[in-house]
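Below is one structure; the comments refer to it alone.
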Amino acid sequence: MLSVTKAALAATALMLAGAPAMSAEVPLIERTKLFGNPEKTSGRLSPDGKWISFIAPRDGVLNVWVAPASDPAAARPLTAEKQRPIRQTFWAPDSSQILFVNDKGGDENFRLYGAPVTGGEARDYTPFDKVRVMPIGQSTVIKDRILIGLNNRDPRWHDVYSLDLKTGKLTLVMQNDGYGGFLADDQLNVRLASRPRADGGDDWFRVVNNKVEATPAVSYGLDDSLTTMPLAFTTDGRTIYWMDSRDRDTAAIMAQDASGKMTPIAQDPRVDLEAGLFNPKTGEIEAYRQEYLRGEYVPVGDAVKADIAFLKAQNKGEFTVTSRTDADDTWLVSFDAVSAPASTWVYDRTAKTLKQLYVSRPALVGAPLVPMHPTVIKARDGLDLVSYLTLPKDADANGDGKADRPVPMVLFVHGGPWGRDVYGYNSYHQWLANRGYAVLSVNFRASTGFGKKFLAAGNMEWGKKMHDDLLDAVDWAVAQGVTTKDKVAIMGGSYGGYATLAGLAFTPDTFACGVDIVGPSNLHTLLGSIPAYWEAGKQQMYRRMGDPNTAEGQAVLKERSPLFAADRIKKPLLIGQGANDPRVNVRESDQIVDAMKAKNIPVTYVVFPDEGHGFARPVNNIAFNAVTENFLAPCLGGRAEPIGDALQGSTAEIRHGADHVKGLGSTRSAAK
């Protein structure tokens, strides 16, 4: 933590405007500490327990590292990626290599690679252009191959292949002529295949000898489409676990036997159950995870009951079991204390001991991080909106989430919209709170995890009742004394970016300013440019947003598109966009910027030519956040770390409005 003297010096560099800013006694946390590379992340145990892998920087770029489990300090890098950070890894079944996927420039055409633990160049198993690999299955007994899906024949559908991990040979298992997903058993036999229905639901068919049966085994419509799906087989192949919301509101975990009989394992009336701990040898469920206001594991039987109790008793924060060996004698466990950086520990089940493996961001140890406060906000029609509030350190003296005084606020809206906000350390909440803002994230209707009725309440409500929920949350914050009506900004990515544009266009007097990150402005062109491999979910999107193939749907999509109300925007707007975004095409941002320019409405537009749906490269993320906090400071009255040289080394192109953000007009990238 900075000393008082250093904090006082740092305060002289802050940009202050409007309302009183946070006390200089609270040190400014540098952007690089919050958004730069973690020191280590994504630890995984090899199945045989001999190795530990993790992702860590090598020459400034996240790469794959490995260490003997007996000597984690002897870690060494296995990959040498120079540009695109590696973010997703998993072990080969025989523990001989670490498999990972990566794309180019954010295009989401992921390839599968293997990095041998003995060293040597990583192998590209799927060297195909404009093809996206989809992992389908791996086994505890078949160690030399896995099942993957490739859409190299038809970009809409993934054919199933067996991949020999030693030779790299791909063998076609099933040609896919219209199936959206597959589930394989522990013998790598494809056993289930899903086909999208015209009503937005799915039919799941049994597969025998790689032939799909004619009659579906499980069927459901739109209402159950995001809350019903198979989770896993037991290793003997006799039982399938399902997440299943049929005949109920929230999804239960069910076990289906060979006769088709469904037996309930667990249900929670507040939330959908969709994740848990499965025994690595038998595949039987041993605990499920429920996440309402906070998350926790709930044991099923006694197999891991003592382990869960032991880990909970450590009082290190919420924990997640991230990896288990085949012998199940060792686990990797991540603890999240919210107001401290996450840490990962090696848990010896036999000895009941924990040994710290790493802290993800040691530079934040001792930093003035703050708590997150779960709360439930009532929507105007009575729906419960699970929400999360973070307050500046000097506005929450008791740490109880009761604001000591009103402060400016950022309404931070999650993407999806079929996703949700959760309790835990959040770099954006911490950053904005440190700058002097309250931060509120709301699970508006259509958010997932709260039952199918809550989800369906958002159908056809983009820009309407979904937006009303956000407005109700702002009114709640004002009534609670968290903020004042004239000092609220809206910010978010993807759907959150759409919500920002909708907020400024449809309710132009509600928000003081907005930050849109890869948000769509025209819902018709959004649906017209989605990737081909989203074919299976297209009907579902049409029924939740508006069908572009009907006159009625076209009218709805136009009415809910901020582009066509851009002339109503009158508050400052900042837009960030990845040029290679396959989900929200760069045209979505270009269109609304052009519309605002035509009306001489101020807007600042930042484009990253080597990014996609969000900013994966830390240097680019830091650059955009430097612009963001210096955009917010004069709008809300908070403080900001000056832009300085934050854009140097990034690919940021300031395509419009550099003069609207202090310190931006003079940067190198502003001239592009």
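Output yes when any residue across the range 420-428 is in a loop (DSSP other than H, G, I, E, B), among the acidic types (D, E) and open to solvent by 10 Å² or more (accessible area, probe 1.4 Å), and no when none is. Please lay out each step first, then the result.
Step one: filter the range 420-428 for residues in a loop (DSSP other than H, G, I, E, B), giving 420-426.
Restricting the remaining residues to those that are among the acidic types (D, E) gives 421.
Restricting the remaining residues to those that are open to solvent by 10 Å² or more (accessible area, probe 1.4 Å) gives 421.
Scanning the range 420-428, I find at least one residue that is in a loop (DSSP other than H, G, I, E, B), among the acidic types (D, E) and open to solvent by 10 Å² or more (accessible area, probe 1.4 Å), so the answer is yes.
Being farther than 14 Å from T167 by Cα, among the aromatic types (F, W, Y) and buried (at least 16 other Cβ atoms within 10 Å of the Cβ), is that true of even one residue in the range 119-142? Scanning the range 119-142, I find no residue that is farther than 14 Å from T167 by Cα, among the aromatic types (F, W, Y) and buried (at least 16 other Cβ atoms within 10 Å of the Cβ), so the answer is no.
Being open to solvent by less than 60 Å² (accessible area, probe 1.4 Å), within 30 Å of V627 (Cβ to Cβ) and modelled with pLDDT of 95 or more holds for only one residue in S561, S529, and it is S561.
Quick one: which residue in L647, L664 is crowded, with 19+ Cβ neighbours inside 10 Å, at pLDDT below 95 and out of contact with any Gly (no Cβ under 8 Å at 6 or more places or on another chain)?
L664 is the lone residue from the list that is crowded, with 19+ Cβ neighbours inside 10 Å, at pLDDT below 95 and out of contact with any Gly (no Cβ under 8 Å at 6 or more places or on another chain).
Criterion first (buried (at least 19 other Cβ atoms within 10 Å of the Cβ) and either in contact (Cβ under 8 Å) with a residue 40 or more places away in the chain or within 24 Å of S70 (Cα to Cα) (or both)) does E286 satisfy it? Here the answer is no, as E286 does not meet what is asked. Candidates in the range 192-220 are the residues that are open to solvent by 70 Å² or more (accessible area, probe 1.4 Å) and of a type in the set (D, E, K, R); of these, the one that is nearest to N459 (Cα to Cα) is R195. Name the residues in the range 226-250 that are over 19 Å from R544 (Cβ atoms) and among the small types (G, A, S), would you? Within the range 226-250, A232, G237 qualify.
Taking the range 213-227, which residues are assigned to a loop (DSSP other than H, G, I, E, B) and under 17 Å from A184 (Cα atoms)?
So in the range 213-227, the residues assigned to a loop (DSSP other than H, G, I, E, B) come out as 213-217, 221, 225-227.
If the condition is that a residue be assigned to a loop (DSSP other than H, G, I, E, B) and under 17 Å from A184 (Cα atoms), then E213, P216, A217 are the ones that fit.
When the range 71-95 is examined, which residues are found to be assigned to a loop (DSSP other than H, G, I, E, B), open to solvent by less than 50 Å² (accessible area, probe 1.4 Å) and in contact (Cβ under 8 Å) with a residue 40 or more places away in the chain? Write out each step before concluding.
First pass over the range 71-95, keeping only residues assigned to a loop (DSSP other than H, G, I, E, B): 71, 75, 78-87, 92-95.
Narrowing further to those that are open to solvent by less than 50 Å² (accessible area, probe 1.4 Å): 75, 78-79, 84-86, 92-93, 95.
Correct list: L78, T79, R84, P85, A92, P93, S95.
Of everything listed in (1) modelled with pLDDT of 95 or more; (2) part of a loop (DSSP other than H, G, I, E, B), the single unmet condition for Y288 is (2).
The residue that is nearest to T651 (Cα to Cα), counting only those in the range 597-614 that are aliphatic (A, V, I, L, M) and within 30 Å of the chain's Cα centre (by Cα), is V607.
Any chance the range 257-264 includes a residue that's surrounded by fewer than 21 Cβ atoms within 10 Å (Cβ to Cβ) and at positive phi?
We begin by selecting, within the range 257-264, every residue surrounded by fewer than 21 Cβ atoms within 10 Å (Cβ to Cβ); these are 257-264.
Checking the rest, the ones that are also at positive phi come to 260.
Within the range 257-264, one or more residues are surrounded by fewer than 21 Cβ atoms within 10 Å (Cβ to Cβ) and at positive phi.
Suppose the filter is at pLDDT 95 or above and open to solvent by 20 Å² or more (accessible area, probe 1.4 Å); does Q554 pass it?
Working: at pLDDT 95 or above: yes; open to solvent by 20 Å² or more (accessible area, probe 1.4 Å): yes.
It is true that Q554 is at pLDDT 95 or above and open to solvent by 20 Å² or more (accessible area, probe 1.4 Å).
Here R617 fulfils each of the conditions (1) surrounded by fewer than 21 Cβ atoms within 10 Å (Cβ to Cβ); (2) of a type in the set (K, R); (3) closer than 16 Å to I517 by Cβ apart from (1).
Being open to solvent by less than 10 Å² (accessible area, probe 1.4 Å), over 30 Å from D486 (Cα atoms), among the β-branched types (V, I, T) and modelled with pLDDT of 95 or more narrows it down to one residue among V606, V584; which is it?
Values: V606 fails: over 30 Å from D486 (Cα atoms).
The conditions single out V584.
Scanning the range 340-374 for residues that are open to solvent by 40 Å² or more (accessible area, probe 1.4 Å) and either free of Cβ contacts under 8 Å to residues at least 40 places away in the same chain or among the basic types (K, R) (or both) turns up D348, R349, T350, A351, K352, T353, K355, Q356, R361, V365, P371. Looking only at residues in the range 307-334 that are surrounded by 14 or more Cβ atoms within 10 Å (Cβ to Cβ) and of a type in the set (A, V, I, L, M), the one that is farthest from Y288 (Cα to Cα) is L332.
The values are calculated or read from the model by the stated rules, or taken from the named source; none is laboratory data. Being a predicted model, the structure only gives us computed values, none of them experimental. Positions of Cβ are backbone-derived with ideal geometry, glycine not excepted, and every protein chain shown enters the neighbour counts. SASA here: full protein model, heavy atoms, side chains in, ligands and nucleic acids out. Shrake-Rupley method; radii C 1.70, N 1.55, O 1.52, S 1.80 Å.
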